[in-house]
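Visitor: First the structure, then my questions, so here it is.
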Amino acid sequence: MSEIRGSKRGNLNVRSGLSLHSGQQIKKNIQFGSSVFSARHVVIKAEDVKKSTVIHSLNVRAQDSLSLDSVRDIFPDVLAEGIKQEGVAFFNITTSQYELFDGSRRRFCAIEAQKDLPLWVLDKLPEPSDIKAYIDLTQKVKMFSWREQGRSYINFASDNNINKDDFDAIGKKLGVSKETVRKKIQAAKIAPNLIGSLPDCEGVPTKFYGSLAKIERTLRKNNIDLDEFLTKAKESFKSNEEDILQVQLAMLDNFVSVLENILSKPKRKQPRIENLAEFDSRNKYARMNVSPDGRKAKFEFSFLTKDELFDIEMFVRERLSNNK
């Protein structure tokens, strides 16, 4: 058994010990939650993997975020030796497709490397809660992100005519708490172009979601266009790091820095209001109100005598008459 290269966790080369070219149909029992299901062994030819297999709605792994970066821990072995560990799927006779509960990363590698995909196939569909219990075990290969899990909850709700905002109903159906559903659906709703700008975006640490959500809220509150913000962040980002996690951390720090710079622009100047004299009566005043750019001024007077107002008016008229 070869060692897995790369910094991610996971082991693809767990050999089943099966002779894949045997004419005999091989079967095994697989535990799904509290139930046991019989599965038959099937090998999908490389050229058929893309069209004959799909991802089951409860399979948490986000397919549109899979990349050679996100499978760097297993892809070299797939390229060299093929896929040795079977995925688990259900055969849907209506669509004639294999719906994968487990093995979506291997499916991606099979397509990219043009390799066969071995599967254990169930012909009977387990209950949603049993499927989830089984899928949770697959996180030992690569932990599912909150975002991936949240998206799977949304897909499940859609497929089962449940309001996607009814966290309690989704949780009861899948056997998870309402709060867990809420947090993970919230993570799933982070703008795709914001989180998608990070390399291996489904592999970011859980703490990133709170920071990204806060950035998105701040942008929205201050009417800052997200695409323009990302353009500025891209232009200002520099890093010599090669490790994916370090690059992710550097990019998040850069997001925060760029946002702080945008928000720290000088505040709009306020008009200057100045008293021209002090009076014993609080109702009596003479003041000047000058606009922020200094081009406009208003003189305001209250409770001055007629003689005082006349003298002020005459002074202004005389002073301005000299400019003719």
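Bear in mind these aren't lab numbers, they're just calculated from the coordinates by the rules spelled out. Please read these numbers as outputs of a predicted model, since none were measured by experiment. FYI the Cβ positions are ideal-geometry reconstructions off the backbone, even for glycines, and counts take in every protein chain you see.
Visitor: Size of the dipole of region 191-265 about the Cα centre, Lys and Arg at +1 and Asp and Glu at -1 on the beta carbon, nothing else charged, in debye to 20? If you can, show how the numbers build up before the last one.
Guide: Details: 9 positive and 12 negative charges, 94 e Å.
Using only the charged Cβ atoms, the result is roughly 460 debye.
Visitor: Distance cut-off 20 Å, Cα to Cα: go down the list LYS50/LYS115; LYS164/LYS207; LYS189/LYS232; LYS189/LYS221; LYS132/LYS178 and report the pairs above it.
Guide: Working: LYS50/LYS115 11 Å; LYS164/LYS207 24 Å; LYS189/LYS232 23 Å; LYS189/LYS221 17 Å; LYS132/LYS178 15 Å.
Pairs exceeding the cut-off: LYS164/LYS207; LYS189/LYS232.
Visitor: By how many degrees, 0 to 90 and rounded to 10, does the Cα axis of helix 178-188 deviate from the longest principal axis of the chain?
Guide: 80
Visitor: Counting only helical runs of four or more DSSP H residues, what would the 222 nm mean residue ellipticity of the chain come to if each run contributes -39,500 (n - 2.57) and the total is spread over all its residues?
Guide: Numbers: 12 runs with 130 residues, N = 324.
Per the formula, -12000 deg cm²/dmol.
Visitor: What ranking do VAL43, VAL181, VAL121 get, fewest neighbouring Cβ atoms within 10 angstrom at the top?
Guide: Values: VAL43 15, VAL181 25, VAL121 20.
Listing VAL43, VAL181, VAL121 from fewest to most nearby Cβ atoms yields VAL43, VAL121, VAL181.
Visitor: Can you work out ³J(HN,Hα) from phi for every residue in region 37-44, in order, using Karplus 6.51 cos²θ - 1.76 cosθ + 1.60 and θ = phi - 60°, giving whole Hz and x for Gly and Pro?
Guide: Result, ordered by residue: 10, 7, 10, 9, 8, 9, 10, 8 Hz.
Visitor: Additional query: List every residue whose amide H lies under 5 Å from the amide H of ILE83, counting only residues 5 or more places away in sequence or on a different chain, with H placed 1.01 Å from N in the peptide plane.
Guide: ASP116
Visitor: Same structure, new question: Which shape class, rounded, prolate or oblate, goes with region 272-321 when its Cα gyration tensor gives a ≥ b ≥ c as root eigenvalues, a/c under 1.5 marks rounded, and past that a/b bigger than b/c marks prolate?
Guide: Working: a/c = 3.03, a/b = 1.11, b/c = 2.74.
Taking the square roots of the gyration eigenvalues as a ≥ b ≥ c, region 272-321 is oblate.
Visitor: Take the alpha carbon gyration tensor of the chain, find the square roots of its eigenvalues, order them as a ≥ b ≥ c, and report rounded if a/c is under 1.5; if not, report prolate when a/b exceeds b/c, else oblate. Spell out each step's value before the answer.
Guide: Values: a/c = 4.69, a/b = 2.98, b/c = 1.57.
Here the chain falls in the prolate category.
Visitor: Through the Karplus equation 6.51 cos²θ - 1.76 cosθ + 1.60, θ set to phi - 60°, convert the phi angles of region 47-57 into ³J(HN,Hα) values in whole Hz; use x for Gly and Pro.
Guide: Values, residue by residue: 6, 9, 4, 5, 8, 8, 10, 9, 9, 4, 4 Hz.
Visitor: Sticking with this structure for a sec: Which shape class, rounded, prolate or oblate, goes with region 225-298 when its Cα gyration tensor gives a ≥ b ≥ c as root eigenvalues, a/c under 1.5 marks rounded, and past that a/b bigger than b/c marks prolate? Provide the component values of the computation, followed by the final result.
Guide: On the way: a/c = 6.28, a/b = 4.06, b/c = 1.54.
Judged from the Cα gyration tensor, region 225-298 comes out prolate (a/c at least 1.5, a/b above b/c).
Visitor: Can you list the HN-Hα couplings for region 290-295, worked out from phi with the Karplus curve (6.51, -1.76, 1.60; θ = phi - 60°), rounded to whole Hz and with x for Gly and Pro?
Guide: 10, 5, x, 8, x, 8
Visitor: Let me know the Rg and Dmax you get for region 145-189 when you use only its Cα atoms, in Å.
Guide: Both quantities, over Cα of region 145-189: 8.9, 24 Å.
Visitor: Also, quick follow-up: Mind telling me which of MET251, MET314, MET288 comes out most flexible in a GNM of the chain, alpha-carbon contacts under 10 Å?
Guide: MET314
Visitor: Lys/Arg Cβ at +1, Asp/Glu Cβ at -1, dipole of the chain taken about the Cα centre: which of ILE74, GLN63, GLN85 is farthest positive-ward?
Guide: The residue sitting farthest along the positive end of the dipole is GLN63.
Visitor: A further question on this structure: Would you mind working out the magnitude of the charge dipole of the chain relative to its Cα centre, with +1 at each Lys and Arg C-beta and -1 at each Asp and Glu C-beta, to the nearest 20 Debye?
Guide: On the way: 54 positive and 45 negative charges, 74 e Å.
Computed about the Cα centre, the dipole is about 360 debye.
Visitor: Filter the trypsin sites (Lys or Arg not before Pro) in region 75-147 down to the DSSP loop ones having no more than 14 other Cβ atoms within 10 Å, then list what survives.
Guide: Numbers: sites: LYS84, ARG105, ARG106, ARG107, LYS115, LYS124, LYS132, LYS140, LYS142, ARG147; in loops: LYS84, LYS115, LYS124, LYS142.
Answer in residue order: LYS124.
Visitor: Arranged by the count of other C-beta atoms within 10 angstrom, fewest first, what order do GLU148, GLU179, GLU216, GLU242 take?
Guide: Working: GLU148 22, GLU179 11, GLU216 17, GLU242 7.
Ascending number of Cβ neighbours within 10 Å: GLU242, GLU179, GLU216, GLU148.
Visitor: Between the alpha-carbon centers of region 208-249 and region 163-193, tell me the distance in whole angstrom.
Guide: 25
Visitor: Near the amide H of ASP102, under 5 Å away, which other amide H atoms are found, from residues 5 or more places off or on another chain, if H is placed in the peptide plane?
Guide: So ASP102 has HN proximity to VAL88.
Visitor: Also, quick follow-up: Relative contact order of the chain: what whole-number percent is it, with Cα pairs under 8 angstrom and at least 6 residues apart? Spell out each step's value before the answer.
Guide: Working: 435 pairs, mean separation 42.9, N = 324.
It comes to 13 percent, rounded to a whole number.
Visitor: Here is a further query. Give the distance, in whole Å, between the Cα centre of region 25-61 and the Cα centre of region 253-287.
Guide: The distance from the Cα centre of region 25-61 to that of region 253-287 comes to 67 Å.
Visitor: Amide H to amide H under 5 Å from THR53: which residues, 5+ apart in sequence or cross-chain, H placed 1.01 Å off N in plane?
Guide: Those qualifying (amide H under 5 Å, at least 5 residues apart or on another chain) are TYR98.
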